[in-house]
Amino acid sequence: MRDSTAQDLLRIVVLISGSGTNLQAMIDQIHQGDSPARIVAVISNKAEAYGLKRAQQAGIPAKVLSHRDYASREEYDAALQRLIDGYQPDLLVLAGFMRILTDDFVRHYQGRMINIHPSLLPRHKGLNTHQRALEAGDAEHGCSVHYVTPELDGGPVILQASVPVEASDTPESLAQKVHAQEHRIYPRVIEWIARGRVRLEEDTVLFDNQPINDQPRRATPD
């Protein structure tokens, strides 16, 4: 367990592939005030990812490692792991990193890698979650922050936030509502981890030393 009274900062590496709106939410909260966390690097597999500019504007090292330069997923993940480990991170954060990671890579960061998924897991794992929520007639939709395991979108959930699904919603309008919740809860979970309030013990998420796997925590509405 991380000592919440320790003076050293939680070192975070963030992986992105796109615009980096969740990254910006982290920068806005973590890099202001007295947060015990710091983003020490942002890495993208795409040179055109706007999130790299967000990192540079915040004075955070921004690196590109293109998957197109490697013959296999295994070779790329091995190179990515070497690049990440050069920053000695305590926590690896996936923020729209559009790559399926190899099991070896995931196991290397087991218990210190988190992701945010745009659904109320375990519902709607995978892609096109907003369209699928509408097609399923769901009354609510949302997002989940979870630890990453080899099972795709199957790791233990730390925190969720929900939004109502209205009859007038489209996949685009639903995505906007869910994104707003993502920007609220992802920095919050990072803060919890940095302060030692959340940790993964075997397959169980502990919040203030109490297991929460059976009923994931829900963020309270604004």
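Over segment 39-83, what portion of Cα pair distances is larger than 16 Å, expressed as a whole percent?
On the way: 384 of 990 pairs.
Here the tail beyond 16 Å accounts for 39 percent of pairs.
Hey, any idea what the orientation-averaged projected area of the convex hull of the chain's Cα atoms comes to, in nm²?
Values: hull surface 49.4 nm².
In nm², the orientation-averaged hull projection of the chain is 12.3.
Looking at 210, 42, 100, which one has the Cα that reaches farthest to the positive end of the dipole of the chain (charges on Cβ: Lys, Arg +1; Asp, Glu -1)?
The residue sitting most towards the positive pole is 42.
Can you run the Rg to Rh ratio on segment 111-218? Use alpha carbon positions and the Kirkwood inverse-distance Rh.
Using Cα coordinates only, the ratio equals 0.98.
Beta carbons within 10 angstrom, averaged per residue: use that to sort the peptides 131-137, 70-76, highest first. Could you put the intermediate results ahead of the total?
Numbers: 131-137: 14.9, 70-76: 13.3.
Ranked from most to least packed, the peptides come out as 131-137, 70-76.
With the alpha-carbon atoms as the only input, what is the per residue convex hull volume for segment 89-158 in Å³?
Details: hull volume 5.7 nm³, N = 70.
Enclosed volume per residue, from the Cα hull, is 81 Å³.
Taking the Cα centre as origin and putting +1 on Lys and Arg beta-carbons and -1 on Asp and Glu beta-carbons, what dipole magnitude results for the chain, to the nearest 20 debye?
On the way: 24 positive and 29 negative charges, 106 e Å.
Charge dipole, the chain, about its Cα centre: 500 debye, nearest 20.
Testing the spin-label approximation: label points 7 Å from Cα along Cα→Cβ at residue 53 and residue 88. State their distance in nm.
3.4
Whose amide H sits under 5 Å from the amide H of residue 20, counting only residues 5 or more places off or on another chain, with H placed in the peptide plane?
51
Between residue 220 and residue 152, what length comes free when the chain is fully extended (0.36 nm per residue of separation minus the Cα-Cα distance, one decimal in nm)? Intermediate results must be reported in sequence, preceding the final value.
Numbers: separation 68, 0.36 × 68 = 24.48 nm, distance 2.67 nm.
Gain on stretching residue 220 to residue 152: 21.8 nm.
Can you list residues whose amide H is under 5 Å from residue 163's amide H, if they're 5+ apart or on another chain and H is modeled 1.01 Å from N?
So residue 163 has HN proximity to 141, 142.
For the chain, what is the percent of antiparallel DSSP beta bridges, rounded to the nearest 5? Kindly include the intermediate steps, with their values, before the conclusion.
Numbers: 17 of 36 bridges.
Just about 45 percent of them are antiparallel.
Tell me which of 87, 136, 61 sits at the most positive position along the dipole axis of the chain, charges placed on C-beta atoms (Lys, Arg +1; Asp, Glu -1).
61
Counting each DSSP H run of 4 or more residues in the chain as -39500 (n - 2.57), what helix-only mean residue ellipticity at 222 nm follows after dividing by all residues, to the nearest 500 deg cm²/dmol?
On the way: 6 runs with 67 residues, N = 222.
When only DSSP H runs of four or more count, the value is -9000 deg cm²/dmol.
Which of the peptides 156-166, 30-40, 84-94 is most tightly packed, and how do the rest follow, judged by the mean count of other Cβ atoms within 10 Å per residue?
On the way: 156-166: 19.7, 30-40: 15.4, 84-94: 18.1.
Going from most to least packed, we get 156-166, 84-94, 30-40.
Give me the dipole magnitude in Debye, nearest 20, for segment 68-191 about the Cα centre, with unit charges on the beta carbon: positive for Lys and Arg, negative for Asp and Glu.
Values: 12 positive and 18 negative charges, 27 e Å.
Rounded to the nearest 20 debye, it is 140 debye.
List the aspartates and glutamates whose Cα sits under 15 Å from the Cα of residue 125, skipping any in the same chain fewer than 8 residues away.
Partners found: 135, 138, 151, 153.
I'd like the Karplus ³J(HN,Hα) series for segment 183-193: coefficients 6.51, -1.76, 1.60, θ = phi - 60°, whole numbers in Hz, and an x wherever there's a Gly or Pro.
Once rounded to whole Hz, the list reads 5, 7, 8, 5, x, 5, 5, 4, 4, 4, 5.
Values in this text are rule-based calculations from the coordinates and carry no lab data. Fair warning: this is a prediction, and the values are worked out from it, not measured in the lab. A quick note on method: Cβ atoms are made from the backbone with ideal geometry, for glycine too, and the neighbour counts reach across all protein chains shown.
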